[in-house]
1. Based on alpha-carbon centroids, what's the gap between the stretch 366-422 and the stretch 237-251 in Å, whole number please?
2. Can you tell me the dipole magnitude for the stretch 333-423 around its Cα centre, using point charges on the Cβ only (Lys, Arg +1; Asp, Glu -1), in Debye to the nearest 20?
3. Put +1 on the Cβ of every Lys and Arg and -1 on every Asp and Glu Cβ in the chain; which of Gly56, Gly388, Tyr238 then has its Cα farthest towards the positive end of the dipole?
4. Considering the dipole of the chain built from charges on the beta carbon (Lys and Arg +1, Asp and Glu -1) around the Cα centre, which of Ala397, Gly120, Trp106 is farthest to its positive end?
5. Express the accessible area of the stretch 30-166 per residue in Å², computed with a 1.4 Å probe while the remaining protein chains stay in the model.
6. Once you measure Cβ to Cβ distances between cysteines in the chain, which Cys have no partner under 4.7 Å?
7. For the chain, set up a GNM with springs between Cα atoms under 10 Å and report which of Gly73, Gly306, Gly100 has the largest fluctuation.
8. With a cut-off of at most 16 other beta carbons within 10 Å, and DSSP calling the residue loop, which trypsin sites (Lys or Arg not before Pro) in the stretch 206-259 qualify? Please list them.
Amino acid sequence: MSTFQGPKGTYDLIPPDSEVFLAVREALAAPLRRAGYGYVETPAFEHTPLFARGVGESTDIVTKEMYTLTTKGGTELALRPEGTAAVLRAALQRNLHRGGLPVKLWYSGSYYRYERPQAGRYRHFSQVGAEALGAEDPYLDAELILLAVEAYRSLGLRDVRLLLNTLGDANCRPAYRAALQEFLRGLDLEAIDPDGDTRRRIEINPLRVLDDKRPAMRALLEGVPLMRDHLCQECKAYHEQVRDLLGAAGVGFEDAPALVRGLDYYTRTTFEFVHDGLGAQSAVGGGGRYDGLSELLGGPSLPSVGWALGVDRTVLALQAEGVTPQPPSPVEVFAVPVGEQARRVLFGVLTELRRAGVAADFAYGGKGLKNAMKSANRSGARLAVVAGERDLADGVAQLKDLDSGEQHPVALDALITTIKEKLQ
Ligand code: HAM
């Protein structure tokens with residue numbers, strides 16, 4: 001063992017679990033690629049003010065959870081805690097919005113939040129995300145939700161619930177915020193807010209108070225004003241359309257009128273996908289519309305909608321349901337040479353197989369036959385190509401089916417074609 005350990009709140013992905021992780025990441029992204037979303041990749045760090053302004057100065061993510069650093073040149077940078085602000089920054093910087101709208105983008109990568117680590121909550125985690133920029137169209141909100149549902153379905157997850165809400169817009173939110181604040185200021189918080197955190201939150205970011213999970217606070221929130229009762233006509237009609245479209249597509253959802261998100265940029269449609277097998281960290285994905293974010297970042301009006309699905313938590317959800325996908329072994333053929341001459345010949349075969357698109361591996365380290373066959377079996381390959389001096393003298397190699405154990409000689413010059421036929 002090394003004297004070093006990975007930092008707290010992180011974990012290493014190692015085979016074979018890493019294969020499941022990759023399969024999940026691919027499954028979450030596949031529906032997006034089929035729906036015209038283009039891949040975008042942004043740096044792991046950005047200027048700190050991008051997130052401070054984009055995600056919200058008073059959010060936990062910005063005030064408590066960002067990994068920030070000052071470069072030798074004095075620039076303030078932050079490891080990205082989320083993808084939306086960065087993707088929008090990149091789209092604006094590269095003028096993607098000057099082409100046809102909406103600009104539909106997807107991404108996948110590592111995100112960093114200095115949170116208290118627990119099951120399903122890490123300081124380094126992975127998301128697959130999607131952003132559709134520049135269209136105010138309930139069909140687009142519905143498309144994105146349907147694509148996430150499709151991704152979870154394709155993985156075989158059955159117990160994901162969709163929670164749906166609307167947070168109104170610049171028209172109706174201010175009046176609601178004021179009504180909410182008035183209600184919250186009237187609460188007797190003496191006993192449950194000794195350090196004044198909640199009272200501060202009521203003044204700065206009252207909507208976040210709705211997310212307070214403490215039972216005593218939940219009891220106090222009984223009868224709290226809800227956004228849905230303060231929506232303007234446009235927001236109400238928009239939300240009805242999103243609900244109708246989901247219903248028409250046969251996608252079940254639960255109205256969650258007190259659902260607020262941990263990021264401040266949301267307007268109108270907001271949603272979360274939750275899985276009940278995960279304990280406290282039940283959100284496997286979340287997102288919504290963010291019609292004002294572009295202007296906040298200095299861009300033009302660009303009403304947009306998006307989501308991010310947590311890869312780590314989706315893997316945990318699959319485990320909770322006992323449907324962890326068994327991805328096929330990436331290695332199809334394993335080469336087992338016995339002796340130096342066979343190593344040379346089979347290394348050539350390995351190279352040719354790989355060029356022909358066959359996934360193949362080799363018994364490196366000059367192992368004896370027994371150990372090399374153990375490696376072959378462990379690799380999950382379907383076929384082993386075994387050759388020693390006598391085989392080579394006969395111009396053949398032994399092709400062994402690792403499932404049935406059957407083995408027969410194949411002429412070296414017919415090896416690649418025979419292997420390809422067998423694998424079909
Ligand atoms: P978020 O809800 O903060 O949204 O994160 C999305 C998902 O990432 C969560 O539902 C969860 O599955 C996963 N996640 C978040 N934090 C952690 C953590 N510490 N450990 C493990 N998994 C985690 C966003 O990030 C928005 N950018 C989504 C969005 C895109 N909204 C519009 N466009």
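The values are calculated or read from the model by the stated rules, or taken from the named source; none is laboratory data. Keep in mind it's a predicted model, so treat the numbers as computed, not measured. Positions of Cβ are generated from backbone atoms using ideal geometry, with glycine treated the same way; all protein chains shown enter the neighbour counts. Heads up: the accessible areas ignore ligands, DNA and RNA and are worked out on the full protein's heavy atoms, side chains in. Shrake-Rupley method; radii C 1.70, N 1.55, O 1.52, S 1.80 Å.
1. 57
2. Numbers: 13 positive and 11 negative charges, 76 e Å.
Here the size comes out at about 360 debye.
3. My answer, from the dipole projection, is Gly388.
4. Result: Ala397.
5. On the way: 6160 Å² over 137 residues.
Per-residue value: 45 Å².
6. Cys235 - these cysteines have no disulfide-compatible partner (Cβ-Cβ under 4.7 Å) in the chain.
7. Gly73
8. Qualifying residues, ordered by number: Lys213.
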